[in-house]
Amino acid sequence: MPADTTPMMRQYLRMKELHPDCLLFFRLGDFYEMFNEDAQVASKELDLTLTSRDRGKPAEERTPMCGVPYHSADAYIARLIAKGYKVAICEQMEDPALAKGIVERDIIRVITPGTVIDSSMLEEGRNNYICAIYEDSAGLGLSFCDISTGEFTATPFRGADRMEHLL
């Protein structure tokens with residue numbers, strides 16, 4: 001990490017390290033901001049303007065960023081989920097006006113295409129399944145769950161040909 005990295009950006013990078021496979025919505029005041037590669041992906045997928053605060057630096061050293069208002073973030077998240085992306089929400093855990101130093105933040109939710117339960121992000125009349133496979137020395141287990149309706153199905157497979165049966 002460069003020596004001139006700000007405390008807020010160090011905090012962002014720590015949160016991003018926890019969920020490298022997600023687009024990180026990082027709460028800054030009234031916006032969820034995205035930086036670096038996340039900003040580049042989100043700006044392309046959501047047709048957002050890509051900006052930077054590093055105006056004094058050469059273009060190749062600038063930190064790409066884009067953001068969405070927190071009060072309308074669900075619509076943007078729904079569009080990303082529909083395109084197969086995962087989104088991690090990093091929220092302010094204390095009132096910024098009362099914080100001494102940098103505002104404490106934490107990941108409060110990870111949204112994936114299989115774990116969506118918000119009706120605004122679901123396609124009406126369409127199931128939203130998530131699948132899990134478990135294997136140990138006794139056999140294989142396969143389960144499907146539609147998180148939006150609660151429907152759940154599980155099946156075990158045993159014996160030497162358990163993988164063939166699973167497939």
Tell me the net charge near Asp146. Cut-off is 15 Å between Cβ atoms, Asp146 excluded, with +1 for each Lys or Arg and -1 for each Asp or Glu. -3
Keeping the other protein chains in place, figure out the carbon and sulfur percent of the accessible area of the chain, with a 1.4 Å probe. 52 percent
So how tilted is helix 7-18 from the main axis of the chain? Cα-based, degrees 0 to 90, rounded to 10. 10 degrees
With label points set 7 Å from each Cα along the Cα-to-Cβ direction at Ser143 and Arg126, the distance between them in nm comes to 2.6 nm
Please report, in debye to the nearest 20, how large the charge dipole of region 84-167 is about its Cα centre when each Lys and Arg carries +1 at its beta carbon and each Asp and Glu carries -1 there. 140 debye
Under 13 Å from a point 7 Å along the Cα-to-Cβ line of Ala82: which residues of region 32-63 have their amide N that close? 46-47
Please give every one of the aspartates and glutamates within straight-line cross-link reach of Lys100, meaning a C-alpha to C-alpha distance under 20 Å, and leave out same-chain neighbours fewer than 8 residues apart. Asp30, Glu91
Taking the Cα centre of each part, how many Å lie between region 1-52 and region 95-167? 25 Å
On the formula 1/(1 + (r/R0)^6), with r taken between the Cβ atoms of Arg14 and Arg62 and R0 of 25 Å, the FRET efficiency rounded to 0.05 is 0.75
Assigned charges on the beta-carbon of Lys, Arg, Asp, Glu; region 19-167 dipole about Cα centre (debye): 300 debye
Rel. contact order, % - alpha carbon contacts under 8 angstrom, at least six apart, region 1-127: 23 percent
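Under a 1.4 angstrom probe, counting protein chains only, how are Glu164, Glu94 ranked by accessible area, largest first? Before the final figure, lay out each step's value.
Working: Glu164 125, Glu94 65 Å².
These residues rank, largest area first, as Glu164, Glu94.
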Would you work out the charge dipole size for region 88-134 about its Cα centre, treating the Cβ of every Lys and Arg as +1 and the Cβ of every Asp and Glu as -1, and quote it to the nearest 20 debye? 140 debye
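With N set to the residue count of the chain, report its C-alpha Rg divided by 2.2 N^0.38 Å to two decimal places.
Working: Rg = 20.3 Å, N = 167, 2.2 N^0.38 = 15.4 Å.
Relative to the 2.2 N^0.38 Å estimate, the chain comes out at 1.32.
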Measure nothing fancy, just the Cα-based angle from helix 73-82's long axis to the longest principal axis of the chain, in degrees from 0 to 90, nearest 10. 40 degrees
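At 1.4 Å probe size, with every protein chain present, just tell me what the per residue accessible area of region 20-119 comes to in Å².
Working: 5560 Å² over 100 residues.
Roughly 56 Å² per residue, with all protein chains present.
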Looking at Ile102, Pro69, Tyr32, which one has the Cα that reaches farthest to the positive end of the dipole of region 8-167 (charges on Cβ: Lys, Arg +1; Asp, Glu -1)? Ile102
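Grab the Cα-Cα distance for Asp21 and Asp118, subtract it from 0.36 nm times how many residues apart they are, and report the gain in nm with one decimal.
On the way: separation 97, 0.36 × 97 = 34.92 nm, distance 2.13 nm.
Extra length available between Asp21 and Asp118 comes to 32.8 nm.
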Heads up, I need the accessible area for Cys145: 1.4 angstrom probe, whole protein in place, Å², nearest 10. 30 Å²
Once the in-chain neighbours fewer than 8 apart are removed, the lysines whose Cα is under 19 Å from Lys44 read Lys83, Lys86
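The values are calculated or read from the model by the stated rules, or taken from the named source; none is laboratory data. Because the structure is a prediction, the values reported are computed rather than measured. All Cβ positions, glycine included, derive from the backbone under ideal geometry; neighbour counts span all protein chains shown. SASA here: full protein model, heavy atoms, side chains in, ligands and nucleic acids out. Shrake-Rupley method; radii C 1.70, N 1.55, O 1.52, S 1.80 Å.
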